[in-house]
Amino acid sequence: METLKVPNYIKTVFIALLIIIIVFFMIIAKAILVPLLISGYIAMLLTSSCNRLERRKIPRSISAAICLILFITIIGGIFFLIYLQLRGFMHDLGGDLTTKLNSFVILANKWCMETFGFDLGMPNGFEFKKAVDMVKPVDGTATQLFVNMLNTLSNVILLPVFIFFLLIYRDHLAVFVTKVFSKQDNNFLLDKLTSIRKIVHSYIFGASKVMGILAVVNTAVLFALGIKHAIFFGVVAGMLNIVPYLGPSLGVIMPFFFALITKDSLFYPIAVAVSFIFIQLLEGAFLTPKITGGNVNLNALVTFLGLLVGGAIWGVLGMILIIPTIAILKKLFELSPDTQPYAYLFGEEDDNWFKKRNRKTKKAKIEKEKDKEHDAKIKDIMDKGEN
C-alpha cells in the first residue's frame, strides 16, 4: 500500500499554524505557564544535585527538599543583599540626591530649550508624583492592587511547589515521553531528554557564573571611581546581563546618570560608560564563549526576534525565558528530518556550506570532463577499429 506524500508547502502551513496556536496558548495561559516554565528550568538545574544525593542512598523526596531549600537560601541571600543596597540608595534618593537631581533636570530642560527649542516639560525639576501617576494603572484601585498582590504571592508560592513535584516525578515524565513517541527507540529518546536537560543546565549555570563575575568586576570599577552604592549598581548590571543585547545597555544607564548627577566632573560618568562598554566587549568576546560555550548556539537574528516576541507575550520574564526555550525547540527540531531546516534557521550560520558546495560542484565538473574524455577516447578507438 502506497503512503500519501504531503507536499512541503502543506507541511510549512501546518508548522506555521502550530506556532500561531502555541503563541495564542502562551498568551491565554500566562498565569500558569510562566511559573511552570521557570520551575521546569530550575528543576533541570537541580536535577544533577538530586542525582548525587540519591546515589548516596538518600530518598528522592528528601534529596529534592534539600536541594530546593539550599536553592531558596542562596537566592534569598542574593535578594536580601540587593534589598539592603536598594534601601541605602532610596535613603539617599530622598535626601540631597533629590535636590541634585532637580537641579540637573532644570539645567537639562533649559539647555534643550535654548539649543533645540524643545521643552522637556520639567522646568521646575523632576516631580516624583507625576512620575508615579504616569506609571500608575488606570484602574489602580485599592481592590485591584490587592488582587495583583495576591496573584504575585500565589506565583511565588507556586514556584517551590512546582519545582519539588518536578524533581520527584522527573523519571515519570521521561517515561511518559517514551510512551508518547512509542515508535522511537527508548534509549534514543532518553539520550535526547538528557541532552536537553544538560543544555538548560549549562546555560543557566554558565549565565549565573557570567553574571557573578560581571557583578564583581562592575562593583570593583565603580569602587575605584568612587561611585556611591557601587555594590548595588554592580550587582544589578551583572544580573541584567541575562537579557541578551538589551540587558548590558540597561545596566550602564543607572550608574552613568548617578555619576552625572552626584559628581562635579564629566570624567566620572564618561569613565563609567567606557569601563562598562569595555567590560561587555570582553564578556562577549572571551567570557561567555569560554564559560557557556556553544550550548545554546542561536544566531543573533533569532535571539533578537525571540526577545521581542518574549517581551510582547510575557514581559521581562518572557525575555529571560525565551532563550533557553528556543534552544530546546532547536534541539527538538533536530529530531525529525522534516523539521531540521527550522533547527538550522535557529542555529549559527554555516560558513563552510558554500565552500563545500563549491568543492562538490568543482569535483562534479572534473568528473564530468573526465567522463567526456573517456567517452571520446572510446569513440576514437571504436572508429579506428571500424576503419
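The values are calculated or read from the model by the stated rules, or taken from the named source; none is laboratory data. All figures in this text were calculated on a predicted structure; none of them were measured in a lab. Here Cβ is always computed from backbone atoms with ideal geometry, including for glycine, and neighbour counts include all displayed protein chains.
Only residues in the range 216-228 that are touching a residue at least 24 places away in the same chain (Cβ under 8 Å) and surrounded by fewer than 19 Cβ atoms within 10 Å (Cβ to Cβ) count as the first member; pair them with residues that are part of a helix (DSSP H, G or I) and of a type in the set (Gly, Ala, Ser), Cβ under 7 angstrom, at least 6 apart or cross-chain, and list the lot.
Short answer, once both residue conditions are applied: 225/271.
With the structure loaded, tell me whether residue 62 is in the same structural domain as residue 321 (by TED's automatic domain parsing), closer than 14 Å to residue 168 by Cα and part of a loop (DSSP other than H, G, I, E, B) or whether it fails that test.
So residue 62 fails the test.
Select, from 46, 68, 36, the only residue that is touching a Cys at 6+ places or on another chain (Cβ under 6 Å), under 25 Å from residue 166 (Cβ atoms) and either exposed (fewer than 12 other Cβ atoms within 10 Å of the Cβ) or at pLDDT 85 or above (or both).
46
With respect to residue 316, is the statement that it is over 20 Å from residue 210 (Cβ atoms), out of contact with any Asp or Glu (no Cβ under 6 Å at 6 or more places or on another chain) and part of a helix (DSSP H, G or I) true?
no
Suppose the filter is modelled with pLDDT of 90 or more and either within 31 Å of the chain's Cα centre (by Cα) or not assigned by TED's automatic domain parsing to the domain that holds residue 237 (or both); does residue 4 pass it?
Judged against the criteria, residue 4 is not a match.
Any residue at all in the range 179-193 that is within 22 Å of the chain's Cα centre (by Cα), closer than 22 Å to residue 317 by Cβ and modelled with pLDDT under 80?
no
From 256, 278, 267, 286, grab the single residue that is under 12 Å from residue 218 (Cα atoms) and not acidic (Asp, Glu).
Result: 278 is the single residue among 256, 278, 267, 286 that is under 12 Å from residue 218 (Cα atoms) and not acidic (Asp, Glu).
Considering every residue within the range 35-58, establish whether at least one is more than 26 Å from residue 197 (Cβ to Cβ) and of a type in the set (Gly, Ala, Ser).
The first filter runs over the range 35-58 and keeps only residues more than 26 Å from residue 197 (Cβ to Cβ), leaving none.
No, because not a single residue in the range 35-58 is more than 26 Å from residue 197 (Cβ to Cβ) and of a type in the set (Gly, Ala, Ser).
When you scan the range 356-368, do you find a residue that is farther than 30 Å from residue 14 by Cβ, surrounded by fewer than 10 Cβ atoms within 10 Å (Cβ to Cβ) and modelled with pLDDT under 70, even just one?
Checked the range 356-368: no residue is farther than 30 Å from residue 14 by Cβ, surrounded by fewer than 10 Cβ atoms within 10 Å (Cβ to Cβ) and modelled with pLDDT under 70.
Determine if the range 320-334 includes at least one residue that is more than 22 Å from the chain's Cα centre (by Cα) and among the aromatic types (Phe, Trp, Tyr).
no
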